[in-house]
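This report refers to the structure that appears directly beneath it.
The values are calculated or read from the model by the stated rules, or taken from the named source; none is laboratory data. What you see is a predicted model, and the numbers here were worked out from it, not measured in a lab. Virtual Cβ from ideal backbone geometry, glycine too; neighbours counted across all protein chains shown. To get the accessible areas, we keep the full protein, side chains included, count just its heavy atoms, and leave off ligands, DNA and RNA. Shrake-Rupley method; radii C 1.70, N 1.55, O 1.52, S 1.80 Å.
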Amino acid sequence: KDIEFIRSYYYNKLELTRFSSSVGKYVGFTEYGVKNAAAWNNNPSELSAMKAQKEVYCLNNIQTDYTAAL
């Protein structure tokens, strides 16, 4: 429950769009980012793929990351 998957898209050091597994959708921070977020949020396969990333990436690697940190 304490693990969160975040994928951010940047251009020129400015965050355009972010997907957060705790929110469950894309959020745009610029005009361009809002348009992309709206398009991606209307695509069920894109949202499903991003929501699955928490299990695929985070949960499979958490033990390795904890071991390396300790």
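Observations on the model:
- Candidate set from region 1-24 (those that are surrounded by 15 or more Cβ atoms within 10 Å (Cβ to Cβ) and of a type outside the set (S, T, N, Q)); member that is modelled with the lowest pLDDT: Phe5
- Every residue from region 37-55 that is touching a Phe, Trp or Tyr at 6+ places or on another chain (Cβ under 7 Å) and open to solvent by less than 70 Å² (accessible area, probe 1.4 Å): Ala37, Asn41, Glu46, Met50, Gln53, Lys54
- Residue within region 56-70 that is part of a strand (DSSP E or B), more than 15 Å from the chain's Cα centre (by Cα) and either loosely packed, with under 14 Cβ neighbours inside 10 Å or touching a residue at least 40 places away in the same chain (Cβ under 8 Å) (or both) present: no
- Tallying residues that are within 10 Å of the chain's Cα centre (by Cα) and among the β-branched types (Val, Ile, Thr) within region 17-55 yields 3.
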